[in-house]
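Visitor: My questions will all concern the structure given below.
Since every read-out is calculated from the coordinates, none of them should be taken as a lab result. Keep in mind the model is a prediction, meaning the values are calculated, not measured. Methodologically, a virtual Cβ is constructed for each residue, glycine included, from the backbone with ideal geometry; neighbour enumeration extends over all protein chains shown.
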Amino acid sequence: MMTLRGFLVPILLLLVSLPLGAQRRRDPLTDAETDQLREVADQPEARVKLWVKFLRARIAALDQIRSDPKFAAERAKRTHDMLEDFAGMIDELDDNIDQYSRQKQDVRKALKEVVEMESDLQLKLRAIQEATDPPSQKELPEYKFVLQNALESVNQSAANTRDTLQEQNEEFSKKGKEKEKKK
């Protein structure tokens, strides 16, 4: 009896830990990108602009993957991975923007760039979703779920970014008027 219990406990622990390992995602950022973000950790506007730069690079890479015939064999897998990256990166950018907003950091210039980039990304993702060419229709089931997640992340982030920009415009224009009155 003791042998059976001694055998079952490690097996159960192994079975419980397997799903935890399967849930780990790869980091969508390169080591160099992570280092760049660390270097500007205390500069909110520069950090947001870096996120925009990295996401724009991913948009260009997605365009290349989807249009270059040499990627045809692995296009669905790469598209899937890129869409996961977009969702994760957009969520992280959104968290950064929320944090800076709570800290009353003025990131209005960077937010304008985010709004523009998110509009571009929304168009790109909708175009993928609505593509009617046979290869795209054949591949769509392989990334349909992550495409929907990426679209939802971008749509939600775009709304949050516009709201935050509007709030910051109002808040910092009031502060500017108060400063002028004091002079």
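Visitor: With 20 Å as the limit, write out which pairs from Lys49/Lys109; Lys77/Lys138; Lys53/Lys109; Lys49/Lys175; Lys49/Lys70 have Cα-Cα distances beyond it, or answer none. Let's see the in-between values first.
Guide: Numbers: Lys49/Lys109 9 Å; Lys77/Lys138 12 Å; Lys53/Lys109 14 Å; Lys49/Lys175 24 Å; Lys49/Lys70 32 Å.
Too far apart for the 20 Å limit: Lys49/Lys175; Lys49/Lys70.
Visitor: Return Phe71, Phe54 ranked ascending by Cβ neighbour count within 10 Å, so the fewest neighbours appear first.
Guide: Lowest to highest Cβ neighbour count: Phe71, Phe54.
Visitor: Right, next: Loop-only trypsin sites (Lys or Arg not before Pro) in region 59-130, please: DSSP not H, G, I, E or B, and at most 13 other Cβ atoms within 10 Å. Before the final figure, lay out each step's value.
Guide: On the way: sites: Arg66, Lys70, Arg75, Lys77, Arg78, Arg102, Lys104, Arg108, Lys109, Lys112, Lys124, Arg126; in loops: Lys104.
Those that pass, being in a loop and sparsely packed, are Lys104.
Visitor: Another question about this same structure. With +1 on the Cβ of every Lys and Arg and -1 on the Cβ of every Asp and Glu, and nothing else charged, how large is the dipole of region 31-182 about its Cα centre, in debye rounded to the nearest 20?
Guide: 560
Visitor: Rounded to whole Hz and in sequence order, give me ³J(HN,Hα) for region 105-115 from the Karplus expression 6.51 cos²θ - 1.76 cosθ + 1.60, θ = phi - 60°, writing x for Gly and Pro.
Guide: 7, 7, 10, 4, 4, 5, 5, 4, 5, 5, 4
Visitor: Let me ask something additional. Determine how many Å³ per residue the convex hull of the Cα atoms of region 31-182 encloses.
Guide: In region 31-182, the Cα hull volume divided by residue count equals 104 Å³.
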